[in-house]
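Here is the structure we will look at.
Values quoted throughout were computed directly from the atomic coordinates according to the rules given, and no laboratory measurement underlies them. Everything numeric here is computed off the predicted structure, so don't read it as measured data. Glycine gets a Cβ as well: all are built from the backbone with ideal geometry, and neighbour counts include every protein chain shown.
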Amino acid sequence: KAGVTQTPRYLIKTRGQQVTLSCSPISGHRSVSWYQQTPGQGLQFLFEYFSETQRNKGNFPGRFSGRQFSNSRSEMNVSTLELGDSALYLCASRPGQGDTDTQYFGPGTRLTVL
Amino acid sequence: GNSVTQMEGPVTLSEEAFLTINCTYTATGYPSLFWYVQYPGEGLQLLLKATKADDKGSNKGFEATYRKETTSFHLEKGSVQVSDSAVYFCALVPPSSNTGKLIFGQGTTLQVKP
């Protein structure tokens, strides 16, 4: 099976712009989660989608949003970009909703905000 | 609340040395525990996991045992290789949370010298 794919891999934006990142989960996986990784804050949970519904949301401002499509692909959007949004954004998928389900991560999208 | 604490890095070892990376957690009940590894420029890869007390996860020579008495999940390897150089993350999923939200430690950088 193909792994989790994320596009684009690298992105450079300027402050105030908006950006959309895409994630395609492993075939058959219905849950997609997003994480932000920065040197200062480490890995932080953004949100999780399951069957097109947001199941959980981390402590991020409303500028961060996401959605999931019927084929389980997911997008996250960041509006009005700030310098502090520069980070590696990781997407992870898992088959269902079990606590013990392993999450499989994609390679990430490196966002730089100038 | 739920949290994970890892030993400070970086950890520098010579090839074939014994590795221990300490991880302790705080959680209500019995969370599922994971070790992920991140190689430079890549996303996270699952290394091993344990879902109940006294379980031992193992993979590629790495091992970790779920110790509820000490709320620990220390990572060990008997003989490290240069190719093990990476950042290692300990993480948990709260029990019965019905969510994929992984809570990560801050990561421990391992450098193995020939």
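Determine, for each peptide in B:34-46, A:52-64, the mean count of other beta carbons within 10 angstrom over its residues, then list the peptides with the highest first. Could you put the intermediate results ahead of the total?
On the way: B:34-46: 18.8, A:52-64: 13.2.
Most protected by this proxy first, the peptides run B:34-46, A:52-64.
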For chain B, diffusion coefficient by Stokes-Einstein and Kirkwood Rh (Cα), 37 °C, 0.692 mPa s, µm²/s: 233
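Which residues make up the longest stretch of chain B that has no trypsin sites (Lys or Arg not before Pro) in a DSSP loop with at most 14 other Cβ atoms within 10 Å? If you can, show how the numbers build up before the last one.
Working: sites that count: B:LYS52, B:LYS60, B:LYS68.
Excluding the exposed sites themselves, the longest stretch runs over B:1-51.
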Order by protection proxy (mean Cβ within 10 Å, highest first), peptides A:12-18, A:67-73: A:67-73, A:12-18
Simple spin-label estimate for A:THR100 and A:ARG67 in nanometres, 7 Å along Cα-Cβ: 3.6
Test item: A:38-46 mean partner chain Cβ contacts at 10 Å: 3
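Within 10 Å of each Cβ in A:104-112, how many Cβ atoms from other chains are there, averaged over the peptide? Intermediate values should be presented prior to the final figure.
Details: counts 4, 8, 3, 4, 5, 1, 1, 0, 0.
Mean partner shielding for this stretch: 3.
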